[in-house]
Amino acid sequence: MLNPKLLARLRSFRQELYDDLGLRQDSLFELVDAVLSTPERRTLVRLSLCACFRRRWPSACDALADGTLDVAGLRALFQATLPVLAPGDRPLWVVDGTHWPRPAAATSPARTWEHRPLPGKPQQGVVPAWAYQWLVQVPETDGSWVLPLDVQRRGPTAGTPTQVAIRQIAQARTGQPAAAPRPVVALDSAYDVAQLAQAHLDADLVVRLAKNRVFRRAPGLYTGRGRPHKHGRRFKLRDARTYGRPDRSASLAHPVYGTVTVDAWTNLHAAAAAAASFTVVRVQVEHLPRHDRPAPLWLAWIGGPLPDDLHQVWRWYLGRFTVEHAFRFAKTSLGWTTIRPRHPAAADRWTWLLAAVFWQLWLARPLVADQRLPWERPLPAARLTPGRVQRAFGGLLVTLGTPARAPQPRGKSPGRRPGQAGGPRQRFAVVRRPPAKRTRRHRTRRRSPRAA
C-alpha cells in the first residue's frame with residue numbers, strides 16, 4: 001500500500017507545477033510525464049508517441065516554441081518543497097555549469113564557444129554551445145540526488161560564471177524565510193574567489209583554489225611613516241616556505257584516504273580585494289584509492305567562522321561532485337540535449353521542465369519499488385537512484401493521474417498559400433566572449449640626466 005501522505009504530496013507538487021505553466025500548458029505538462037515514463041532518452045517526436053502524451057506530434061514542438069512558464073513560480077515551488085533538515089544540519093548547495101552542444105545549429109542565436117572534455121589527448125576542446133549554470137541542493141552526502149533551485153543560461157551578455165553564481169545565490173536566499181538555516185555553497189576553481197569574497201553573500205562558500213594562486217596576509221602595524229600598507233607578506237600555494245604556522249590544524253584516520261590532515265590559515269586576501277578576507281584550507285590525504293600520495297587540495301572558506309570540526313570543510317566540498325552525476329543523467333537518460341530546438345528560449349523552457357523532473361523523481365522515491373536489471377544489486381527504497389525511480393515511475397502515473405485536460409478536436413490548419421515559400425532562415429555566427437580585463441603595470445624607466 002502506498003503512503004497516502006507521500007502520494008498527496010507528490011500530487012500537490014504536480015498540480016502546482018501545472019498551475020505555473022502558461023501557454024501550451026497541457027502539452028508542456030504531458031511532455032514532462034513523457035520524460036518520466038520513458039526508460040531511455042528520446043527525441044521530441046519520439047516523446048510525442050508516448051501513451052501519456054495524448055496530443056499529436058506537432059503539439060510537442062509548438063509547446064517548446066510558443067509555450068510559457070512562470071520561472072518565479074517554479075523557483076518558489078522548489079524552495080517550498082525542500083526537505084526538512086535535522087536539527088543542527090546545514091543545507092549543502094552546489095553551483096556548477098555545463099553546456100548544450102549545438103555545433104551545426106547555424107540558425108540558432110546566442111551560441112558561444114564552450115570548453116568540453118574529450119577522450120584521448122588533448123582532452124580539452126571547444127564547441128559552439130549554449131552554456132547553462134545550475135544551482136542545486138544536495139540532500140544526501142553519499143547519494144546521486146540533486147534538487148535544482150535555479151538554472152540560468154549564460155548567454156553572450158550574462159557576464160562571467162562568478163557574476164552569474166552571485167546572482168543565483170543571492171536570489172535563492174531572498175526567496176527563503178528568515179529562519180531558514182544558512183547554506184554552505186561548494187564551487188569549483190573556475191569561480192573567482194576575490195569577487196565571491198567581495199559579494200558578502202548570506203551563505204558560507206567553499207571554493208577550490210588553483211595550485212598556482214598567490215594571496216596576501218594582512219599588513220602589519222602602521223609605523224607612522226608613508227602610506228599605510230594594503231598587503232602583508234605573500235602566501236604562495238606552491239611555495240611551502242611562505243606558509244608559516246597554520247592557525248588551526250586537525251588530523252584523523254580515514255578508511256579510504258588514510259591519514260587526512262587539514263590546516264587552515266585565516267585572514268588572507270587576494271591582491272585585487274584587500275578588504276575581503278577569507279581562510280585558506282589545505283587538505284592532505286595519505287593516499288587515494290589505487291593511487292600514491294596525491295598533491296594537496298586547496299580550498300577557500302568565505303563567510304562566517306570555520307566549523308568546530310575542521311574536516312567538515314572538505315566533506316562539504318566532496319558533495320560538489322554529485323552534480324556531475326546529475327548532468328550525465330540529464331543528458332544520457334532524460335534526453336536534455338537530445339532534442340534540437342532552434343531558439344534558446346525553447347531550450348530554457350525545456351531545461352526548467354527537466355528541473356521539475358528531478359523533483360518529481362525525488363518525491364516518488366519512497367513510493368516505488370526497485371526495478372533493477374539482472375546484473376544490478378537490489379537496493380532499499382531509501383537508497384534508490386534517480387535512474388531506478390524513473391523505471392518505475394510509469395506505473396505510478398496510473399495511480400497519480402494528471403491535471404492536464406484532455407485534447408479537444410481542432411480544425412485543420414490552412415497551411416501556406418499556393419506558391420508561398422518559407423525561404424532560408426537567418427544564420428547566426430558563434431559569439432566569442434570578450435577576454436577578462438587585466439590591469440597591466442607600466443614600468444617607468446628612470447633616465448639619467450644628460451651630461452653638461
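Taking the criterion of being of a type outside the set (A, V, I, L, M) and over 20 Å from the mean Cα position of the chain (by Cα), would at least one residue in the stretch 353-366 satisfy it? Before you say what the answer is, go through the steps one by one.
Within the stretch 353-366, the subset of a type outside the set (A, V, I, L, M) is 358-360, 362, 365-366.
The next check asks that each one be over 20 Å from the mean Cα position of the chain (by Cα); those that pass are 365-366.
The answer is yes, given that some residue of the stretch 353-366 is of a type outside the set (A, V, I, L, M) and over 20 Å from the mean Cα position of the chain (by Cα).
Of the residues making up the stretch 264-296, those that are surrounded by 12 or more Cβ atoms within 10 Å (Cβ to Cβ) and more than 19 Å from Gln195 (Cα to Cα) number 11. Set side by side, the residues Arg425, Arg410, Arg416, Arg377 differ, and just one is in contact with a Ser or Thr (Cβ under 7 Å, 6 or more places away or on another chain) and open to solvent by 20 Å² or more (accessible area, probe 1.4 Å), which is Arg425.
What residue, among those in the stretch 200-252 that are polar (S, T, N, Q) and assigned to a strand (DSSP E or B), is farthest from Phe278 (Cα to Cα)? I'd like the intermediate steps shown before the answer.
Of the residues in the stretch 200-252, the ones polar (S, T, N, Q) are 212, 223, 242, 249, 251.
When the remaining residues are screened for being assigned to a strand (DSSP E or B), the result is 249, 251.
Details: Ser249: 16, Ser251: 22 Å.
Only one residue fits best here, namely Ser251.
Pairing each residue of the stretch 204-232 that is free of Cβ contacts under 8 Å to residues at least 40 places away in the same chain with any residue that is of a type in the set (Gly, Ala, Ser) and surrounded by fewer than 14 Cβ atoms within 10 Å (Cβ to Cβ), provided the two are 6+ apart or on different chains, yields C-beta distances under 7 Å for Gly232/Gly220. Of all the criteria given as (1) touching a strand residue (DSSP E or B) at 6+ places or on another chain (Cβ under 6 Å); (2) part of a helix (DSSP H, G or I); (3) of a type outside the set (Phe, Trp, Tyr); (4) open to solvent by 10 Å² or more (accessible area, probe 1.4 Å), the one not satisfied by Arg388 is (1). Within the stretch 328-345, being open to solvent by 10 Å² or more (accessible area, probe 1.4 Å), of a type in the set (A, V, I, L, M, F, W, C) and touching a residue at least 40 places away in the same chain (Cβ under 8 Å) holds for one residue alone: Phe329.
So which residues in the stretch 142-183 are in a strand (DSSP E or B), open to solvent by 30 Å² or more (accessible area, probe 1.4 Å) and in contact (Cβ under 8 Å) with a residue 60 or more places away in the chain? Can you show your working first?
Taking the stretch 142-183 and keeping what is in a strand (DSSP E or B), we get 147-153.
In the following step, the residues that additionally are open to solvent by 30 Å² or more (accessible area, probe 1.4 Å) were identified as 152-153.
Arg153 - this is the single residue of the stretch 142-183 that is in a strand (DSSP E or B), open to solvent by 30 Å² or more (accessible area, probe 1.4 Å) and in contact (Cβ under 8 Å) with a residue 60 or more places away in the chain.
Counting residues in the stretch 27-45 that are part of a helix (DSSP H, G or I), open to solvent by 20 Å² or more (accessible area, probe 1.4 Å) and modelled with pLDDT under 95 gives one or more. Residues in the stretch 297-310 that are out of contact with any helix residue (DSSP H, G or I) (no Cβ under 8 Å at 6 or more places or on another chain) and surrounded by 16 or more Cβ atoms within 10 Å (Cβ to Cβ): Trp298, Gly303, Leu310.
The values are calculated or read from the model by the stated rules, or taken from the named source; none is laboratory data. Quantities reported herein were computed from a predicted structural model and do not represent experimental measurements. Because the Cβ atoms are built from the backbone with ideal geometry, glycine has one as well, and the counts that use them run over all protein chains shown. Heads up: the accessible areas ignore ligands, DNA and RNA and are worked out on the full protein's heavy atoms, side chains in. Shrake-Rupley method; radii C 1.70, N 1.55, O 1.52, S 1.80 Å.
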